[in-house]
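Asker: Below: one structure in structure tokens.
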Amino acid sequence: RRKKDDSILEIPSIPNPFPELCCSPFASVLSASLLPKATSRKKQVIKVYSEDDTSRALEVPSDITARDVCQLLILKNHYIDDHSWTLFEQLTHTGLGRAIEDHELVMEVQSNWVMQEETKLYFRKNYAKYEFFKNPLNFFPDHMISFPSETNAALSHSGILQMFLSSSTYPEIHGYLHAKEQGKKSWKKLYFLLRRSGLYFSTKGTSKEPRHLQFFCEFSNSDMYMSLTGKKISGAPTNYGFCFKPNKSGGTRDLKQLCADDEQSRTCWMTAIRLLKYGMQLYQNYMQPYHGRSGCSPLSLTPMRSISENSLVAMDFSGHRSRIIENPTEALSVAVEEGLAWRRRGCLRLNSHGSPIAMSNMGMSIHRSQSWFHHKISREEAQRLILQHGLVDGVFLVRDSQSNPKTFVLSLSHGLKIKHFQIVPLEDDGKLFYTLDDGHTRFTDLIQLVEFYQLNKGVLPCKLKHYCARIAL
């Protein structure tokens, strides 16, 4: 500042090291480049599809996660949040797909899309998303996993999880996989090993010596996809394929494709790679619904119970007081009697024209309104739907039989396999029944049959727990 009195000795001015911070009438105090980016949250529009190909456009902030998108769609469509909803990325032309992790940013996922590739986001159920935290022994068979020598071979249920999530140790996954040679159409069967440093294959049989191991892939700059089309596009030797796609891929030439011999092997490899890539982040995603419970440690919490598995019991309401029926034989007879009584009461109902409803026709069509029933889909389509919902014990659907028009088929997931059971209609004394076990257990309609096997295993390998439904947005 100039002094008016020239007689006063002026101190030499010191150059300002931060001229951009100076306040002047011609410049703002802070330039736009110095402002934090978080102050302005840009919004973008994304398009999400459902199983019936309906879609919904959403305007979302640029930092939204996959879990937040699912929560938004749950609220908008008034769905029940059972923590199994998933955002799924599907590459149509290459026949690949993957479940986007809950913590991933949707805009980052879309930034990796190639213009030539038709890619869609799907909103659907995935019951197997965190199933390995509940039943790790089912996902890692003994012949495919090796533990460090200093570790006790007989690990407990929680011990396996702690080792997978540990930063110092990691179990070794090993086994044969078919690998597609780069730039060729041929496949070669090799012995692979998954270690913390990446995925390797042995150039000499099953040798694990360092001089025989060759690096195949690391996972920090790539995403893992499941093959949805099996042998059709890639010419794989089996239908259990998966691959690694670089984040900034130029096309199918950059894919590193692998193929397992069975579903159990593929599930083991893919689950181990997910744990290796994301580690504790997956566990935090899994435990997030239980945050806020006082007096409980996350490690001591048991998984959320399935309503159909642990809460439903057979009840008898015929007396003055209701009671739980513990004898399966008694429960069956009560169910049959209740079905017959419901059938008799239904005969007295009148339709909109004032005439009694024909119960024979109603019993044959009442199941069509149920979410678990899929009209006239093929065996392959049923298997695809169950696979999308996750190969968890008890995932099921009911469909029309393709070979016999008068019968139905119950498709059920158990032991990482999909099994099909024929539901046969029987006629006795002019009454129509449905059965799964050659008439030993009879039901008046398919709704009663499904409800019974949700409570009782019967001739099935497990109870019916989660149904596959085609949701609409």
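The values are calculated or read from the model by the stated rules, or taken from the named source; none is laboratory data. Predicted model, so just to flag it, every value in this text is computed and none were measured. Counting neighbours? That spans all protein chains shown, and the Cβs are built from the backbone with ideal geometry, glycine included. In case anyone asks, the SASA skips ligands and DNA or RNA and just uses the protein heavy atoms, side chains included. Shrake-Rupley method; radii C 1.70, N 1.55, O 1.52, S 1.80 Å.
Asker: Go through Lys47/Lys465; Lys180/Lys208; Lys47/Lys188; Lys43/Lys76; Lys184/Lys204; Lys120/Lys232 and tell me which ones have a Cα-Cα distance over 28 Å in this structure.
Answerer: Pairs exceeding 28 Å: Lys47/Lys465; Lys47/Lys188.
Asker: From the phi of every residue in region 123-136, what ³J(HN,Hα) in whole Hz does the Karplus formula 6.51 cos²θ - 1.76 cosθ + 1.60 yield, where θ is phi - 60° and glycine or proline is x?
Answerer: 10, 7, 7, 8, 6, 8, 4, 10, 5, 5, 6, 8, 9, x
Asker: Further question on the same structure: Using a simple spin-label model with points 7 Å from Cα along the Cα→Cβ vector, what separation in nm is obtained for Ser197 and Arg470?
Answerer: Between Ser197 and Arg470, the label points sit 5.1 nm apart.
Asker: Using a 1.4 angstrom probe and counting only protein chains, how large is the accessible area of Asp223 in Å², to 10?
Answerer: Around 20 Å² of this residue is reachable by solvent.
Asker: Quote to one decimal, in nm, the extra length available between Ser186 and Ser220 on full extension: 0.36 nm per residue of separation minus the C-alpha distance between them.
Answerer: 9.5 nm
Asker: Here's another thing I want to ask about it. Keeping all protein chains in place, calculate the accessible area per residue for region 184-252 (probe 1.4 angstrom), answer in Å².
Answerer: In whole numbers, region 184-252 has 55 Å² accessible per residue.
Asker: Further, regarding this structure: Give me the one-decimal nm value for the distance between modelled label points at Arg253 and Leu432, 7 Å along each residue's Cα-to-Cβ direction.
Answerer: Result for the modelled spin labels: 6.0 nm.
Asker: What do you get for trypsin sites (Lys or Arg not before Pro) in region 36-139 restricted to DSSP loop and a cutoff of at most 11 other Cβ within 10 Å of the site's Cβ?
Answerer: Arg41, Lys42
Asker: Which value in Å does the Kirkwood hydrodynamic radius of region 43-125 take, with 1/r averaged over all unlike C-alpha pairs and then inverted?
Answerer: After inverting the pairwise mean of 1/r, the radius is 13.0 Å.
Asker: Have a look at Pro405, Tyr453, Ser378 and report the one farthest towards the positive end of the charge dipole of region 368-467, computed about the Cα centre with Cβ charges (Lys/Arg +1, Asp/Glu -1).
Answerer: It is Ser378.
Asker: List the trypsin sites (Lys or Arg not before Pro) within region 432-469 that DSSP assigns to loop and that have no more than 13 neighbouring Cβ atoms inside 10 Å.
Answerer: The qualifying sites are Lys457.
Asker: So for region 368-467, considering every pair of alpha-carbon atoms, how many percent are separated by more than 23 Å?
Answerer: 20 percent
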